[in-house]
Amino acid sequence: MTKNDRLRAARIRQGLTQKEVAERVSVSVHTYRKWELSTGPQSFDVAVKLCKILEIDFYYYITGKPMTAVTEDELKLLAWFRKLSTQQQQGFIQYIAPSSYRTVDAKDKHARMKKT
């Protein structure tokens with residue numbers, strides 16, 4: 001299903017005509033029809049507004065994939081992590097995360113600057 005198909009399906013699911021959606025987005029019916037047929041809105045702001053009107057998630061509109069929900073355990077972990085001091089958070093990240101996700105510590109950054 002393309003972005004255009006997702007627009008059309010969402011509009012129909014909402015029981016709206018192309019004219020009604022066009023009026024709510026403040027574009028001509030001709031422009032909205034083009035969006036459903038091929039081009040889609042060219043403006044980010046208009047696309048976001050259109051998604052709100054059609055009650056579809058913007059991520060879903062763009063990718064066709066539903067946004068995965070955060071699990072209860074993930075929320076608990078995030079709440080716990082946010083209670084840590086900055087130093088504790090960095091230590092946890094250093095311990096658990098792959099090196100590509102770790103932040104550069106100031107000493108390493110200084111050493112690299114000396115070499116160049």
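Bear in mind that the values in this text are calculations on the coordinates, not laboratory data. Small disclaimer: the values here were computed from a predicted structure and weren't measured. Virtual Cβ from ideal backbone geometry, glycine too; neighbours counted across all protein chains shown.
Name every residue in the range 1-40 that is of a type in the set (Gly, Ala, Ser), loosely packed, with under 15 Cβ neighbours inside 10 Å and over 10 Å from Leu54 (Cα atoms), in order of residue number.
Listed by number, the residues that qualify are Ser26, Ser28, Ser38.
Out of the residues in the range 1-43 that are among the small types (Gly, Ala, Ser) and part of a loop (DSSP other than H, G, I, E, B), which is nearest to Gly64 (Cα to Cα)?
Per the criteria, the residue is Gly40.
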